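The values are calculated or read from the model by the stated rules, or taken from the named source; none is laboratory data. Just so it is clear, the model here is predicted, and its values are computed rather than measured. As a convention, Cβ positions derive from the backbone with ideal geometry for all residues, glycine included, and neighbour counts pool all protein chains shown. Side chains included, ligands, DNA and RNA excluded: accessible areas come from the protein's heavy atoms. Shrake-Rupley method; radii C 1.70, N 1.55, O 1.52, S 1.80 Å.
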Amino acid sequence: MICARCDKPIRPGEEYVRVDNPGASGAGSTLYIHAVRGVPVPQQTNQAGAFGR
């Protein structure tokens, strides 16, 4: 399984949480996430520069 939060594999024996995600107009999906958060994923909070400058 792949963690929906960090996109890394959930290995056998690791704790995980199963989250049901209902679909509005079709079939829903089931997401799996690590029960214990790992290293936070870095997030960009502002643009690198206007038009890549």
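A few points about this structure:
Yes or no, residue by residue, for (1) modelled with pLDDT of 85 or more; (2) in a loop (DSSP other than H, G, I, E, B):
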| residue | (1), (2) |
| --- | --- |
| Arg5 | yes, yes |
| Gly26 | no, yes |
| Thr30 | yes, no |
| Gly38 | no, yes |
| Val41 | no, yes |
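- Hey, Pro22 loosely packed, with under 10 Cβ neighbours inside 10 Å and at pLDDT 80 or above or not: yes
- Tabulated pairs, segment 15-30, first closer than 17 Å to Ile2 by Cα and of a type in the set (A, V, I, L, M, F, W, C), second assigned to a strand (DSSP E or B) and open to solvent by less than 70 Å² (accessible area, probe 1.4 Å), C-beta under 6 angstrom, 6+ apart or interchain: Val17/Ile33; Val19/Leu31
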